[in-house]
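Below is one structure, written out as structure tokens; comments come after it.
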Amino acid sequence: MVKAHNLGFPRIGANRELKIAQEAYWKDLTSLDDLKTVGADLRRQNWQKQSGLDLVPVGDFAFYDQMLDMSFTLGNLPDRVRNYAGDPLDNYFRVARGRSAPSASRSEGPEGVAAGEMTKWFDTNYHYIVPEFVAETEFQLDPSRLIEQIREAKAQGVSVKPVIVGPVTYLALGKAKDDSDKLALLPRLLTVYQELLREISATGVEWVQIDEAILVTELDSAWKKAFEFAYQSLHSSKAKLLLTTYFGQLLENLPLTASLPVAGVHLDAINARDEVEALVATLPSDRIVSLGVINGRNVWKTNLEELLNWLEPVAKRLGDRLWIAPSCSLLHVPVDVDSEKKLDAEIKSWLAFAKQKLEELRVVKVALDSGRDAVRAELDANRDAITSRRQSARVNNPNVKAAVAKIDSRHGERKSPFSQRTKTQAEILKLPKFPTTTIGSFPQTAEIRRARSQFKAGKLDESAYFSAMKNEIARCVREQEQLGLDVFVHGEAERNDMVEHFGEQLDGYAFTENGWVQSYGSRCVKPPLLFGDISRPKPMTVEWIKYAQSLTSKPMKGMLTGPVTILNWSFVRDDQPRSISCKQIALAIREEVLDLEKSGVQVIQIDEAALREGLPLRRSQWQEYLTWAIDSFRICANGVADETQIHTHMCYSEFNDIIEAIAHMDADVITIETSRSDMELLEVFETFSYPNQIGPGVYDIHSPNIPSENHIIALMQKAADRIPAERLWVNPDCGLKTRQWAEVIPALTNMVAAAKKLRVTSDSA
């Protein structure tokens, strides 16, 4: 009999119950016990949804992030939060976001504590809190969270499989805060992992899922030896270890993986199907082979007959040694398609969210165990959906395909080099040294959200809605006038999301009501469904930006999301190369850029927050992606005249290793996240002469903490040590939509004051 299991389930709830409970607690509207009760309810519901599985993941639920959970389990806390007298969950939130609820943080000033650095989880849009290490780091086990959840699940009759991050991946994804070698900490770390596995075994658990996703990346010899040392050290555990990999191929790491003394190995058979035969041939005959056969990263139904045609011979060969699962945790997809009441019926029939993916897994298991006739109705319905999508005229647009075929090098070239056009722009814009701006959005207030909700529900007519949004735009302009910013934004009141807003106006996209996935903490996003060829029927932003510009004499940025980010933050069709879809989007955004320019907009920002996110996990495969990604940006951005200043923005990008590609984008100004990393991201500019202007972020908008004037000056002085002052801008890390006006105004006041002092200091130097 084939065993079916899951690697992880969405933790936010079908209606974002976790987000709502978190934010209510952080605002002191509810108690910590209330929040913990919501967490317990969500775990119970999630386990019930997975009740048909042979093994159910436990420990995949987190109140913020699974890596932060692991840091607390291992006792790896930054010194700045040690010896906290309050509840450990409050301390957990202090690391995650700089503070917990006000009632739990009264001893802290407005700046709180420094939040942990945050970055992308491999090549996903999920963010994790980066573990911090120094040479003296000691680990001290606190298994309470995981053990309590195991007991909680067992009491509910759950077939428990605890999930933990593996020791080598945990070290690899952390950051040394000094010059020490992280691998030197491995023996200390393994002692704690041994203790943890003993604690887990004592609960009666048979299997432990231990995630070592860095095995799908390129590893040098030291890290390969670390794997051998680590798993020899953990080999004595009574619990059976399922070594779990996902997001890519093992390639040269396959022999290493197969040689490790574990009870089973999970392979992502969506990305690494070609490696299944080699893994089966290499693994000892007593090892379990777990195959991720359902795509855990995308929302399209699996072609079950095609899958069974491939999988049945594998099952016949492996027998009871075969386990099946999604390719990775279902954290990266929404909870339930059945929640979609307004989605177009045809498109809805093509979709599978987390709940439906587990149903697909059940059908595959029954077909393997009992034959296809046992699930004939389900297989027939699946075949009909697959055929419908393949043959739908809504998917393919010959005109769009023809336009992409006509793209040539001229689409991506500016008329003059940066050194020439920057002088032209300076004469027109007349900006001071250290010009100040923001990244695009201002707070999405309760009034904005209420008006949008009423408009979508038909309770507010279009005229009243547009009036409400214009009032909010006018407010943003007034606030920026009072603050004294140099380049304004309209605040994006009319935009629900930086990708969804554009997708709603492009042909080839569809949208959900409840297709939420977690980006970080309480931040949830609703990726649009890119199901067909993309085109722009009409201008998308021009009237809003023209209205905002009419309210001020200051330059008003036209705000757009770039093609790579729209692609990477969507659920993308899987029936054509991503590069083709990206160029289709690029042509649509190019039309919008040119319309903005025609309307008199002199500064246009094209955000590419997710550029690095699409990088393949192996450096050897980067160039192909970077070529078409950068080409797509240039196609959309570079049709303008020299007088038009093009900005782009990247947040939490860790882009040092792709700086040459960033420079090749040829944006006049790039703004980036640097505050949480204390300007570490700028170290690359010590060796790379970046030619254009740059705005290193000085205000961490993912934390409620308010940066002081002196803190901002200190960060900018670090930046000026690496980049000439005449090419520096002063700006926040990212958009301000998730913050409150009460936080934003003092933070930007300090930012503008800091810029003024920097100008005086620079002029007198």
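Tabulated data for the structure shown
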| read-out | value |
| --- | --- |
| Exposure ranking of GLU683, GLU132 by accessible area [1.4 Å probe, largest first] | GLU683, GLU132 |
| Under 16 Å from the Cα of LYS423 - aspartates and glutamates, other chains or at least 8 residues apart | ASP642, GLU643, ASP666, ASP668, GLU726 |
| Given charges at beta-carbon only (K, R positive; D, E negative), |dipole| of the chain in Debye | 1080 debye |
| Whichever lysines have a C-alpha closer than 16 Å to that of LYS154, once near sequence neighbours (fewer than 8 apart) are set aside | LYS49 |
| Å² of accessible area per residue within the range 436-485, as computed with a 1.4 Å probe and no ligands counted | 49 Å² |
| Cysteines without a disulfide-compatible partner [the chain; Cβ-Cβ under 4.7 Å] | CYS328, CYS476, CYS524, CYS582, CYS636 |
| The range 162-309 - percent relative contact order, Cα under 8 Å, separation 6 or more | 20 percent |
| Nearby aspartates and glutamates by direct alpha-carbon distance to LYS355 (threshold 14 angstrom, same-chain neighbours under 8 apart not counted) | ASP336, ASP338, GLU340 |
| Accessible area per residue in Å² at 1.4 Å probe, computed on the range 636-765 | 32 Å² |
| Inter-part distance where the range 348-403 and the range 618-682 are each reduced to a Cα centre, Å | 37 Å |
| Average Cα contact separation per residue, the range 141-206, under 8 Å, 6 or more apart, as relative contact order % | 46 percent |
| Mean Cα-pair separation over length for the chain, i.e. relative contact order, pairs under 8 Å, 6 or more apart, % | 13 percent |
| Mean-position separation - Cα centroids, the range 117-163 and the range 479-493, in angstrom | 41 Å |
| Given charges at Cβ of Lys, Arg, Asp, Glu: the range 319-386 dipole, positive-most of ILE347, LEU368, LEU322 | LEU322 |
| Cubic angstrom per residue, convex hull over Cα atoms of the range 173-216 | 93 Å³ |
| Average projection area in nm² (convex hull over Cα atoms of the range 130-195, one quarter of hull surface) | 4.9 nm² |
| Accessible surface, per residue, of the range 1-129 when the full set of protein chains is kept, probe 1.4 Å, Å² | 36 Å² |
| Nearest 10 degrees, 0 to 90: helix 622-637 Cα axis against the chain principal axis | 30 degrees |
| Chymotrypsin sites (Phe, Trp or Tyr not before Pro) within the range 657-763, DSSP loop, no more than 15 other Cβ atoms inside 10 Å | PHE688 |
| Coil-residue trypsin sites (Lys or Arg not before Pro) of the range 394-427, DSSP, other Cβ within 10 Å capped at 14 | LYS406, LYS415 |
| The range 296-441: translational diffusion in µm²/s, Stokes-Einstein, Kirkwood Rh over Cα pairs, 25 °C, 0.890 mPa s | 121 µm²/s |
| Rg followed by Dmax, in Å, when the range 677-765 is reduced to its Cα trace | 13.2, 40 |
| Cα centre as origin, Lys/Arg/Asp/Glu Cβ charges: the range 168-319 dipole, Debye | 340 debye |
| Carbon + sulfur, % of accessible area of the chain - ligands and nucleic acids excluded, 1.4 Å | 49 percent |
| Members of LYS401/LYS470; LYS240/LYS316; LYS341/LYS406; LYS36/LYS459 lying beyond 32 Å, as alpha-carbon distances in this model show | LYS401/LYS470; LYS341/LYS406; LYS36/LYS459 |
| Listed residues THR245, THR387 arranged by accessible area, highest first, probe 1.4 Å | THR387, THR245 |
| Unit charges on C-beta of K, R, D, E only; dipole of the range 347-495, Debye | 340 debye |
| When each of LYS161/LYS238; LYS120/LYS526; LYS27/LYS456; LYS120/LYS161; LYS342/LYS526 is checked by Cα-Cα distance, pairs over 19 Å | LYS27/LYS456; LYS120/LYS161 |
| Antiparallel bridges, percent of DSSP beta bridges restricted to the chain (to nearest 5) | 15 percent |
| Peptides ranked, highest mean first, by Cβ atoms within 10 Å: ranges 302-308, 68-74 | 68-74, 302-308 |
| Ranked packing of 3-12, 371-380, 357-366, most packed first, by mean Cβ within 10 Å | 3-12, 357-366, 371-380 |
| Pair-distance profile P(r), taking every C-alpha pair of the range 193-265, with 5 angstrom steps and integer % | 3, 17, 27, 24, 15, 9, 4, 1 |
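The values are calculated or read from the model by the stated rules, or taken from the named source; none is laboratory data. Treat the numbers as computed from the prediction; the structure is a model and nothing was measured. Cβ coordinates were reconstructed from backbone atoms using ideal geometry, including for glycine residues, and neighbour counts include every protein chain displayed. Side chains are part of the model used for accessible areas, which takes the heavy atoms of the whole protein and leaves out ligands, DNA and RNA. Shrake-Rupley method; radii C 1.70, N 1.55, O 1.52, S 1.80 Å.
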